[in-house]
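One structure is given here, and the rest of the page talks about it.
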């Protein structure tokens, strides 16, 4: 039986992460500033399609791991917790990561979509994030692990689009507002870092996420 309590907790954690600007969101804002809201919206679609690919990779890889060894899966969960903490520390320390970079050259819509998908799929940090984040909300004892992870991946993708589409629509205004307030970058770093570290600590200190 699928654990809907875990899925709801995953949704809340995902919303916290998605609502806090990260490199992908800031890149999308930069695209919106330079090329308009259509380019920003297409970028969001590309990221979403990339998330689907990462979900499939995670489902296949982690499911095989679970079938081979439950202990190995627990080890992956603990390493995932440490990786989330590491991401949080990196977010706090890396000031440049939270700057909006806007380029003035015009790029075709199809090219923007392709670039966004490829950028998401080939980003090793995104791959590691999915491998670290999804297992923290999987209840092995409930069975149907593949279905659980697939649902979690779809939920993350849909929530991402729900959060990012309005931001993309107003990307020009939001992006320029952030650019004129450099102190915001520091607050973004600390909020983002704290969320990642909190999730990592929760996963590390909770023996069983179920």
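The values are calculated or read from the model by the stated rules, or taken from the named source; none is laboratory data. What you see is a predicted model, and the numbers here were worked out from it, not measured in a lab. Note that we place each Cβ from the backbone using ideal geometry, even for glycine, and neighbour counts take in every protein chain shown.
How many of the residues making up the stretch 155-198 are exposed (fewer than 14 other Cβ atoms within 10 Å of the Cβ) and modelled with pLDDT of 90 or more?
So the count comes out to 2.
Out of all the residues in the stretch 157-181, which are touching a residue at least 40 places away in the same chain (Cβ under 8 Å), in a helix (DSSP H, G or I) and more than 13 Å from residue 14 (Cα to Cα)? Full working, then the answer.
Step one: of the stretch 157-181, the residues touching a residue at least 40 places away in the same chain (Cβ under 8 Å) are 157, 159-161, 163-165, 167-172, 174-176, 178-179.
Filter once more, keeping what is in a helix (DSSP H, G or I): 157, 159-161, 163-165, 167-169, 171-172, 174-176, 178-179.
Across the stretch 157-181, the qualifying residues are 165, 167, 168, 169, 171, 172, 174, 175, 176, 178, 179.
Just to check your reading of the model, which residue among 207, 105 is closer than 25 Å to residue 61 by Cα, over 19 Å from the mean Cα position of the chain (by Cα) and at pLDDT below 80? Let's see the steps before the verdict.
Working: 105 fails: closer than 25 Å to residue 61 by Cα.
Just a single option satisfies the conditions, and that option is 207.
Residue under question is residue 56, and the condition is that it be loosely packed, with under 15 Cβ neighbours inside 10 Å, in contact with a helix residue (DSSP H, G or I) (Cβ under 9 Å, 6 or more places away or on another chain), closer than 21 Å to residue 160 by Cβ and modelled with pLDDT of 80 or more; does it hold?
Yes.
Determine if the stretch 16-24 includes at least one residue that is more than 26 Å from residue 168 (Cβ to Cβ) and modelled with pLDDT under 80.
Step one: of the stretch 16-24, the residues more than 26 Å from residue 168 (Cβ to Cβ) are none.
There is no residue in the stretch 16-24 that is more than 26 Å from residue 168 (Cβ to Cβ) and modelled with pLDDT under 80.
Where the second residue is assigned to a helix (DSSP H, G or I) and the first is over 22 Å from residue 201 (Cα atoms) and lies in the stretch 137-156, which pairs have Cβ atoms under 6 Å and are six or more apart or on separate chains?
From the stretch 137-156, the pairs are 145/63; 145/66; 146/59; 146/63; 150/59; 155/11.
Select from the stretch 65-89 the residues that are modelled with pLDDT of 80 or more and over 15 Å from residue 202 (Cα atoms) and list them in ascending order.
89
May I ask you to list the residues in the stretch 5-37 that are under 10 Å from the mean Cα position of the chain (by Cα) and free of Cβ contacts under 8 Å to residues at least 40 places away in the same chain?
none
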